[in-house]
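For reference, the structure is listed below as structure tokens.
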């Protein structure tokens, strides 16, 4: 049993390293090739995890080869668009100017109920409001509404908006983020001073964010300060 | 470091590992096969003491290669190799020459199967 535990931990570390190598996109929207690789990795890792008879290296080599090929092919497809099309396919326009392209829907085996479901998810009631809808290569539907059906923006109504820039977490549970300090050119003493100006101490701060100019945006103290 | 470079290095490293494994496996099985054949030859020539010495040598070779075999080969195959070597020794201890020759043949078949399974050829790939 101990052997299985150790083998599982080793394979877990290998899979984490593999997923990190594949990048952030892997965690969210999967392209067909990425979906295949993720499913195979799960399967390949499970076999040596469950059976002591199979050397661990069989799983490790398979995972390394799968991930390397996936990363190499996706990197190559950046340079060679035809390869990207070959691996992931092309997006398809299924609705244009409120009209369903039935032939394209049939070609993609995308049913009317699938379309209705996606439109409901995007809070669209009327097909006539859709300027165009694109079935992306990862299977998601991107819906673009006609201008008369989109909500008014601040620009439309001429209202001024303050741009906060990138909001960063400066203090988390009493710890000052060294990375954020570096990005904003602040020292820990500066942060202490800024927090004290708000009537708190760094140790008793639970959550503190700063805007792009380095000004404190929100600060929340701990419920049970030390 | 760029992601694709790490992937390329990982792929190359994996390929090198596989090539090295094939060579090590071939060398090891050749050595073990030679020892078993010599033991078999000695037994055929009516020299059980020399055959016993060769089987002892085989056991030491297997013990030395145990880590490599466990890492690279199915553990069932490794167990089968060790069991076969033990049976060969038992036959010699009991003076059963015919059974010893049969066991040697089985051991040679196991070794051939092990070498064959690691060989990178189309038969194995397909």
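The numbers here are math on the coordinates, done by the rules we state, and not lab data. What you are looking at is a predicted structure, and each value in this text was computed from that prediction instead of being measured. Glycine gets a Cβ as well: all are built from the backbone with ideal geometry, and neighbour counts include every protein chain shown.
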Q) Within region A:89-112, is even one residue over 30 Å from residue B:72 (Cα atoms) and within 14 Å of chain B (Cβ to nearest Cβ)? A) no
Q: Quick one: which residue in B:104, B:88 is touching a residue at least 60 places away in the same chain (Cβ under 8 Å), assigned to a helix (DSSP H, G or I) and away from chain A (no Cβ under 14 Å)?
A: B:104
Q: Check B:40, B:59, B:3 and return the single one that is more than 17 Å from the chain's Cα centre (by Cα) and surrounded by 14 or more Cβ atoms within 10 Å (Cβ to Cβ).
A: B:3
Q | Residue within region A:31-54 that is in contact with a helix residue (DSSP H, G or I) (Cβ under 7 Å, 6 or more places away or on another chain), away from chain B (no Cβ under 12 Å), buried (at least 18 other Cβ atoms within 10 Å of the Cβ) and outside any helix (DSSP H, G or I) present | A | yes
Q: Check residue A:66 against each of (1) surrounded by 13 or more Cβ atoms within 10 Å (Cβ to Cβ); (2) closer than 30 Å to residue B:78 by Cα; (3) free of Cβ contacts under 8 Å to residues at least 12 places away in the same chain and name the one condition it does not meet.
A: (3)
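Yes/no per residue for (1) in contact (Cβ under 8 Å) with a residue 40 or more places away in the chain; (2) away from chain A (no Cβ under 12 Å):
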| position | (1), (2) |
| --- | --- |
| B:4 | no, no |
| B:10 | no, no |
| B:14 | no, no |
| B:18 | yes, no |
| B:25 | yes, yes |
| B:32 | yes, yes |
| B:39 | yes, yes |
| B:43 | yes, yes |
| B:48 | yes, yes |
Q | Members of region B:20-30 found to be out of contact with any helix residue (DSSP H, G or I) (no Cβ under 6 Å at 6 or more places or on another chain) and under 16 Å from residue B:78 (Cβ atoms), listed by number | A | B:24, B:28
